[in-house]
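Colleague: Please find one structure pasted underneath; my questions will follow.
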């Protein structure tokens with residue numbers, strides 16, 4: 001198969017998956033130019049081994065983040081995601097949809113339990129919660145990391161860690177090539193009010209470490 005044909009097929013498959021992954025996301029439209037270069041680390045590791053650190057907190061004032069796109073794995077496969085989360089009317093809000101294409105592994109959130117940042121003024125947001133998968137396993141905890149490094153999104157970052165040991169280390173979308181998606185951190189508004197008092201990191205993420 002020629003490189004041009006391979007890229008065409010890859011582009012078509014990605015667009016199909018993103019149509020499903022981005023149903024829940026208010027994010028910028030994704031371009032179709034996909035080049036399978038670069039890598040992200042995908043490795044089994046016990047989530048608690050990393051430790052949550054206990055230093056991340058709910059943003060104050062709280063806000064919300066929307067995102068959608070893909071990352072390239074070490075084996076040159078793609079993992080697609082659509083995610084949004086934040087604070088809304090005194091609670092946490094959002095949804096996460098993640099598909100590891102190579103392993104046919106689909107993670108879908110059922111509840112958002114936390115929205116946090118490692119330090120005030122940061123462009124980093126973590127979304128924590130409970131999810132189900134298409135594997136033969138009980139519901140698990142997840143922690144998703146989204147980093148908004150400005151427009152048009154080619155330098156934005158994504159990572160995910162699950163309580164079952166699955167881990168995709170935080171990396172630039174599409175290995176830095178254009179068309180890999182977008183992470184958008186939105187300003188606070190009158191409705192982006194979180195729980196009061198704000199829960200701590202352990203309560204929000206259940207001990208799942210940073211991606």
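Colleague: Which residue out of 94, 129, 114 is farther than 18 Å from residue 70 by Cα, in a strand (DSSP E or B) and in contact with a helix residue (DSSP H, G or I) (Cβ under 6 Å, 6 or more places away or on another chain)? Quick ask: steps written out before the conclusion?
Modeller: On the way: 94 fails: in contact with a helix residue (DSSP H, G or I) (Cβ under 6 Å, 6 or more places away or on another chain); 129 fails: in contact with a helix residue (DSSP H, G or I) (Cβ under 6 Å, 6 or more places away or on another chain).
Testing whether each residue is farther than 18 Å from residue 70 by Cα, in a strand (DSSP E or B) and in contact with a helix residue (DSSP H, G or I) (Cβ under 6 Å, 6 or more places away or on another chain) leaves just 114.
Colleague: Looking at the range 167-176, is at least one residue in a loop (DSSP other than H, G, I, E, B) and either within 23 Å of residue 103 (Cβ to Cβ) or at pLDDT 95 or above (or both)?
Modeller: Checked against the condition, which is being in a loop (DSSP other than H, G, I, E, B) and either within 23 Å of residue 103 (Cβ to Cβ) or at pLDDT 95 or above (or both), the range 167-176 yields no hits at all.
Colleague: Further question on the same structure: Scan the range 164-184 residue by residue and report those that are out of contact with any strand residue (DSSP E or B) (no Cβ under 6 Å at 6 or more places or on another chain) and surrounded by fewer than 19 Cβ atoms within 10 Å (Cβ to Cβ).
Modeller: Listed by number, the residues that qualify are 165, 176, 177, 178.
Colleague: When you scan the range 157-176, how many residues do you find that are closer than 25 Å to residue 121 by Cβ and touching a helix residue (DSSP H, G or I) at 6+ places or on another chain (Cβ under 8 Å)? First the steps, then the outcome.
Modeller: Here is the first cut: in the range 157-176, the residues closer than 25 Å to residue 121 by Cβ are 157-161, 169-173, 176.
Add one more test, that the residue is touching a helix residue (DSSP H, G or I) at 6+ places or on another chain (Cβ under 8 Å), and what stays is 157-158, 161.
Counting residues in the range 157-176 that are closer than 25 Å to residue 121 by Cβ and touching a helix residue (DSSP H, G or I) at 6+ places or on another chain (Cβ under 8 Å) gives 3.
Colleague: Then there's this: Which number in (1) under 16 Å from residue 66 (Cβ atoms); (2) surrounded by 22 or more Cβ atoms within 10 Å (Cβ to Cβ); (3) more than 17 Å from the chain's Cα centre (by Cα) marks the one condition that residue 187 misses?
Modeller: Condition (2) is where residue 187 drops out.
Colleague: May I pose another question? How many residues does the range 177-198 contain that are in contact with a helix residue (DSSP H, G or I) (Cβ under 9 Å, 6 or more places away or on another chain) and in a strand (DSSP E or B)?
Modeller: Count: 3.
Colleague: Can you pull out every residue in the range 97-118 that is more than 22 Å from residue 174 (Cα to Cα), without any contact (Cβ under 8 Å) to a residue 60 or more places away in the chain and either out of contact with any strand residue (DSSP E or B) (no Cβ under 9 Å at 6 or more places or on another chain) or surrounded by 20 or more Cβ atoms within 10 Å (Cβ to Cβ) (or both)? Can you show your working first?
Modeller: Within the range 97-118, the first condition is being more than 22 Å from residue 174 (Cα to Cα), and the residues that meet it are 109-118.
Narrowing the set further to residues that are without any contact (Cβ under 8 Å) to a residue 60 or more places away in the chain leaves 109-112.
Those that are more than 22 Å from residue 174 (Cα to Cα), without any contact (Cβ under 8 Å) to a residue 60 or more places away in the chain and either out of contact with any strand residue (DSSP E or B) (no Cβ under 9 Å at 6 or more places or on another chain) or surrounded by 20 or more Cβ atoms within 10 Å (Cβ to Cβ) (or both): 109, 112.
Colleague: Can you tell me which of (1) touching a helix residue (DSSP H, G or I) at 6+ places or on another chain (Cβ under 8 Å); (2) in contact (Cβ under 8 Å) with a residue 40 or more places away in the chain; (3) not in a strand (DSSP E or B) is the one residue 154 doesn't meet?
Modeller: (2)
Colleague: Sticking with this one: If we keep just the residues of the range 132-151 that are within 11 Å of residue 183 (Cβ to Cβ) and in a loop (DSSP other than H, G, I, E, B), which is nearest to the chain's Cα centre (by Cα)?
Modeller: Applying the filter and picking the extreme gives 148.
Colleague: Is at least one residue of the range 147-160 at pLDDT 95 or above, surrounded by fewer than 18 Cβ atoms within 10 Å (Cβ to Cβ) and closer than 19 Å to residue 107 by Cα?
Modeller: Among the residues of the range 147-160, not one is at pLDDT 95 or above, surrounded by fewer than 18 Cβ atoms within 10 Å (Cβ to Cβ) and closer than 19 Å to residue 107 by Cα, which makes the answer no.
Colleague: Among 94, 90, 121, which is crowded, with 18+ Cβ neighbours inside 10 Å and at positive phi?
Modeller: Details: 90 fails: crowded, with 18+ Cβ neighbours inside 10 Å; 121 fails: crowded, with 18+ Cβ neighbours inside 10 Å.
Going through 94, 90, 121 in turn, just one is crowded, with 18+ Cβ neighbours inside 10 Å and at positive phi: 94.
Colleague: Continuing with the same structure: Does residue 65 meet the test of being farther than 28 Å from residue 188 by Cα and buried (at least 20 other Cβ atoms within 10 Å of the Cβ)?
Modeller: Working: farther than 28 Å from residue 188 by Cα: no; buried (at least 20 other Cβ atoms within 10 Å of the Cβ): yes.
No; evaluated as a whole, the condition is false for this residue.
Colleague: Please enumerate the residues belonging to the range 199-211 that are in a helix (DSSP H, G or I) and over 20 Å from residue 123 (Cβ atoms). Steps first, answer last, please.
Modeller: Filtering the range 199-211 down to residues in a helix (DSSP H, G or I) leaves 201-205.
Scanning the range 199-211 gives 202, 203.
The values are calculated or read from the model by the stated rules, or taken from the named source; none is laboratory data. Keep in mind that what you see is a predicted model, and the values were worked out from it rather than measured. Backbone-built Cβ (ideal geometry, glycine too); neighbour counts: all protein chains shown.
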